[in-house]
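Trainee: To start, I am sharing the structure in question, which I have written as structure tokens.
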Amino acid sequence: MIDAMIYALPFLGEGFLTTLAVSGLVVAGSLVLGLVLGVALTFGPAAIGWPIRAFADTIRAIPLIVLIFTVYYGLPAMRVNLSPFWAAVAALIAFKAGHVIEIVRGAVQSIHPGQMEAAKSIGLTFVERLRYVILPQAVRRFLPPWINSVTDSVKGSALVSLVGVIDLMMAIQQVIGRTYEPMPLYVLGALIYIAVNAALSVTSRRLEARFAATVA
Amino acid sequence: MEYQFNFTLVWRHAWRLWWGLGLSLQIALVSLGIGMAIGIVCAIAYADGGRTTRTAVAGYVEFIRNTPLLLLVYLVFYGIPSVGGFAYDATTSFVATLAFYAGAQLTEVFRAGLDAVPAGVVDAGRAIGLTRWGNLWHVRLPTAFRVSLPALSNAYIALFKDTALGSVIAVPELTHGAQWINFNTFRILEVYALLTPIYLVTGWIILAALRLLERRFAIVRHA
């Protein structure tokens, strides 16, 4: 079993990097998109809020695999030609953004409205109020659920293999296609994913501790 | 957009979608049932067990929670039979995978539920002479179960969405039905234009129904 794992390792490197790239892009992209839309949902007028609410509720209710296939097959018909990699990443970003929107909304709404009023009364503009008053407080409530969702992004990235992107999952399948020994490879794959997620959770616990310490 | 939508062929095979939807709902229900059993046993073992039991339960939960479901689906369907020397059909394998997947999440849910039972209530149970098991059965579990209800509803909806992954090992559920129509008619956009709303509307209906149910079983809060 160990032999089969050691034999497979060199073949998994490139796929592993792809998995990291997909995860990284999805985490960063969904963070930016989710933050902007989440803030717009919380503070914007209903005309902006409604479409964002509809987007977040719809996208979270569709299985990720169906979403990836829909984007992958649907976009070419609308004359947008994306490579499998970018189609899958786009679908994952949209899906994760739906979750980030909810986390942002929850975090921002948990800040007492008096904070906003106080900031208003000392004459801060909207952007200043967000930047110096609301967001620094909201970030502590944002981090724990968001970090959980980062693990989900890493796990979700395995689905890109279904549209032919050679990520870790696909690389594992390819080695199995040659050796016909599925068990050692799947266990190895599970261990790699667990290692990535363990590294993430250690990093994130430090991050959380830092943010918790600076604002007492 | 120049694409011409044509649903004629898709309607002819649409029964695969309804049939698949039924199977998806059943798979989710059965795996939720087995997952709940696993979750309750593991949560009790974690709450009342010794150090070894705790480590074993935590290991199981962490393994499942940090591994992609897709990999687990493959592992159970292709991996385990290859070393076990036996085989099972795709649906059985998939239900087993989802059950263990749900079991790990529900362990956490029920653990939180058991933690939420006030110590005074457990003491009161002991005071009226309930044995350890009596206390567990009549006091701790019913309370924990009611506290966990909203999480159970969410778990069912999440499982219903996760059944879509069964398509990768050809479980004839909803997404697989959609893919069958794709491969046989090539009306891919039409199929996905149907599939997405089916998941969406079914999800909403389940959610509404479960919220009603929750309200019936909810612990009445005074003041």
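Bear in mind these aren't lab numbers, they're just calculated from the coordinates by the rules spelled out. Everything numeric in this text was worked out from a predicted model, so none of it was measured. Neighbour counts run over all protein chains shown; Cβ positions are idealised from the backbone, glycine included.
Trainee: Return the lysines within reach of A:LYS155: Cα separation strictly under 21 angstrom, same-chain partners fewer than 8 residues apart disregarded; answer none if there are no such residues.
Mentor: Cross-link targets: A:LYS96, B:LYS161.
Trainee: So what are the radius of gyration and Dmax for the Cα set of region A:1-67, in Å?
Mentor: 19.2, 61
Trainee: Over all Cα pairs of region A:1-40, how is the pair count split among 10 Å bins, expressed in % and running from 0 up to the last occupied bin?
Mentor: 26, 27, 22, 14, 9, 1
Trainee: Relative contact order of chain A, please, whole-number percent, based on alpha carbon pairs below 8 angstrom and at least 6 residues apart.
Mentor: Dividing the mean separation by the residue count of chain A yields 31 percent.
Trainee: How many angstrom lie between the C-alpha centres of region A:73-123 and region B:13-29?
Mentor: If you average the Cα positions of each part, the centres end up 32 Å apart.
Trainee: So what's the back-of-envelope 222 nm ellipticity for chain B, counting only DSSP H runs of four-plus at -39500 (n - 2.57) apiece and dividing by all residues, rounded to 500? Before the final figure, lay out the partial values.
Mentor: Details: 11 runs with 168 residues, N = 223.
So the helix-based figure for chain B works out to -25000 deg cm²/dmol.
Trainee: Could you tell me the distance between the Cα centroids of region A:125-197 and region B:140-163, to the nearest Å?
Mentor: Answer, in whole Å: 24.
Trainee: Between B:THR52 and A:SER201, what FRET efficiency follows from the Cβ-Cβ distance if R0 is 22 Å, with the result rounded to 0.05?
Mentor: Working from the Cβ atoms, E equals 0.40.
Trainee: Follow-up. How would region B:21-83 be classified by its alpha-carbon gyration tensor: rounded, prolate or oblate, with rounded meaning a/c under 1.5 and the a/b versus b/c comparison settling the rest?
Mentor: Working: a/c = 2.59, a/b = 1.40, b/c = 1.85.
Since a/c reaches 1.5 but b/c is at least a/b, the shape of region B:21-83 is classed as oblate.
Trainee: Now for a different question. Region A:107-164: D in µm²/s via Stokes-Einstein (Kirkwood Rh, Cα pairs, 37 °C, 0.692 mPa s)?
Mentor: It diffuses with D of about 241 µm²/s by this estimate.
Trainee: Also: Assuming a ≥ b ≥ c are the square roots of the Cα gyration tensor eigenvalues, decide whether chain B counts as rounded (a/c under 1.5), prolate (otherwise, with a/b larger than b/c) or oblate.
Mentor: Working: a/c = 3.36, a/b = 1.77, b/c = 1.90.
Verdict is oblate for chain B.
Trainee: Taking a temperature of 20 °C and a viscosity of 1.002 mPa s, what whole-number D in µm²/s does Stokes-Einstein yield for the protein assembly as shown with Rh from Kirkwood over alpha carbon pairs?
Mentor: 89
Trainee: Between B:ASP115 and B:GLN26, what FRET efficiency follows from the Cβ-Cβ distance if R0 is 30 Å, with the result rounded to 0.05?
Mentor: With a Förster radius of 30 Å, E is 0.40.
Trainee: While we're looking at this one, here's another question. For region B:1-123, state the semi-axes of the equivalent ellipsoid (square roots of 5 times the eigenvalues of the alpha-carbon gyration tensor), sorted largest first and rounded to whole angstrom.
Mentor: Each semi-axis is √(5λ); the values are 38, 20, 13 Å.
Trainee: If you split all Cα-Cα distances of chain A into 10 Å bins from zero, what percentages do you get per bin, shortest first?
Mentor: For chain A, the binned pair fractions read 8, 27, 30, 20, 11, 4, 1 percent.
Trainee: To the nearest 0.05, how large is the calculated FRET efficiency for A:ILE194 and B:TRP15 if R₀ is 41 Å and r is the Cβ-Cβ distance?
Mentor: My answer for the efficiency is 0.50.
Trainee: In nm, to one decimal, how far is the modelled label at B:TYR60 from the one at A:LEU82, with both set 7 Å along Cα→Cβ?
Mentor: The modelled label-to-label distance comes out at 3.9 nm.
Trainee: In region B:34-66, which chymotrypsin sites (Phe, Trp or Tyr not before Pro) are in a loop and have at most 13 other Cβ atoms within 10 Å, using DSSP for the loop call?
Mentor: Here no loop site has a sparse enough neighbourhood.
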